[in-house]
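The values are calculated or read from the model by the stated rules, or taken from the named source; none is laboratory data. All of these numbers come straight from a predicted model, not from anything done at the bench. Counting neighbours? That spans all protein chains shown, and the Cβs are built from the backbone with ideal geometry, glycine included.
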Amino acid sequence: MESDDLSMKIFVKMMKTIAVNVKNTDTIDTLKTMVREVEGLALNQQELFFAGAHLGCNKTLGYYNVPNNASIDLYVTDGIIILIKTVKNSFPLNVKKWDTVSNIKAMIHDIEGIPPGQQTLIFSHKKLNEDQILASCGVHHNAVLHMLTRPSRTRHVTVKLFRGPAINLEVQSWYTIAEVKLIVGLPQDRQFKLFYSDQELKDEKQLAHYKIQDNAVLEFKPALMQIFVMSIDAKKSIVLIVDEYEKVSDVAVRAGEKLKLNPQHCGFFYMGRRLISESTLGENGIGDDSTLYLVRNKTVGA
């Protein structure tokens, strides 16, 4: 347990022993600073031990129960300070020459929150590999390492279907739109279009082409098609833009408005058969450029 602020003298043993006046509330970093002022050793070159225990930088002497007139062992290491420089900022790291590049990336992750897999470290115009040791790369005290970051290629997207609940997908930015459609599992004999922010996505393009970010929402819509509606009685024809999921009754309402006919008094015929009102265009095999005939019910004896 730490006691009150107590002044005392301790001895730091190196190649020689020096006396340092400290307080039991001083941290190990504070002690290292005092040693630096006397011996010129950088903080990251000092490793301190007491009673066989390694002394952590942020702990106090009281935490380790270091008494008055105690002897602390100091080992000089080959610690160095390097500077990590990004396009946004730069910051120093206390490292050791035998640290691997992987260790450095882990330190950067702790400070900046950037996953190691998204970091690329460059020194002396060369990319550093994960298992390389800093000393073998020629990295020295005050060296500057440039860090490039690349965003993860993994995307989590929500896909809204034309019918049914939305689904969540984990995709890669290099997936094509056609591959996303395959993953969703839509019927291959039906034409659907995928949209992002009201922009239609082309099958051959990759998600990255459209700058689709994490947590984006994509929406499937059935492909639109053109059909012709001919009124036998009015002797007129019109063009409607529809999709295959529209009900015959809904198309009849739209056609009736344009032809000034009451759809409740009319029936739709296609390829010689009358269409059921609650069926969809797709269920009746109606495709692009099909022609439907709108006939008054009394004309057909309905």
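Quick notes on this structure:
- Number of the exception - ALA178 against (1) of a type in the set (A, V, I, L, M); (2) out of contact with any strand residue (DSSP E or B) (no Cβ under 7 Å at 6 or more places or on another chain); (3) in the same structural domain as ALA106 (by TED's automatic domain parsing): (3)
- Pairs with Cβ under 7 Å, 6+ apart, first in region 261-282 and farther than 22 Å from LYS235 by Cβ, second assigned to a loop (DSSP other than H, G, I, E, B) and of a type outside the set (A, V, I, L, M, F, W, C): THR280/GLU244; THR280/TYR245; THR280/GLU246; LEU281/GLU244; LEU281/GLU246; GLY282/GLU244; GLY282/TYR245
- Options HIS146, HIS156: the member that is under 30 Å from LYS193 (Cα atoms) and either at pLDDT 85 or above or part of a helix (DSSP H, G or I) (or both): HIS156
- In region 106-143, the residues that are assigned to a loop (DSSP other than H, G, I, E, B), more than 14 Å from LYS85 (Cβ to Cβ) and of a type in the set (Gly, Ala, Ser): GLY113, GLY138
- Filtered by the rule that a residue be part of a strand (DSSP E or B) and aromatic (Phe, Trp, Tyr), region 55-99 gives TYR75, PHE91.
- Boolean, LYS16 is at pLDDT below 90, closer than 17 Å to ASN142 by Cα and of a type in the set (Lys, Arg): no
- Residue within region 277-286 that is of a type in the set (Gly, Ala, Ser), in contact with a Ser or Thr (Cβ under 6 Å, 6 or more places away or on another chain) and not assigned by TED's automatic domain parsing to the domain that holds LEU194 present: yes
- Residues satisfying the stated conditions in region 220-243, i.e. basic (Lys, Arg) and free of Cβ contacts under 8 Å to residues at least 24 places away in the same chain: LYS235, LYS236
- Residues of region 53-106 satisfying the condition of being surrounded by 15 or more Cβ atoms within 10 Å (Cβ to Cβ), among the hydrophobic types (A, V, I, L, M, F, W, C) and within 17 Å of CYS137 (Cα to Cα): ILE80, ILE81, ILE82, ILE84, LEU93, VAL95, VAL101, ILE104
- Test: residue in region 213-229 that is under 52 Å from the mean Cα position of the chain (by Cα), in a loop (DSSP other than H, G, I, E, B), of a type in the set (Phe, Trp, Tyr) and modelled with pLDDT under 90: no
- Under the condition of being at pLDDT 90 or above and assigned to a loop (DSSP other than H, G, I, E, B), the residues counted in region 25-54 number 2.
- Filter result (surrounded by fewer than 16 Cβ atoms within 10 Å (Cβ to Cβ), hydrophobic (A, V, I, L, M, F, W, C) and out of contact with any Lys or Arg (no Cβ under 8 Å at 6 or more places or on another chain)) within region 233-257: VAL239, ILE241, VAL253
- Leading residue by the ranking (surrounded by the most Cβ atoms within 10 Å (Cβ to Cβ)) among those in region 259-284 that are more than 16 Å from ILE241 (Cα to Cα) and small (Gly, Ala, Ser): GLY267
- The number of residues in region 15-67 being hydrophobic (A, V, I, L, M, F, W, C), within 19 Å of ASN94 (Cα to Cα) and either assigned by TED's automatic domain parsing to the domain that holds PRO92 or in contact with a helix residue (DSSP H, G or I) (Cβ under 7 Å, 6 or more places away or on another chain) (or both) comes to 6.
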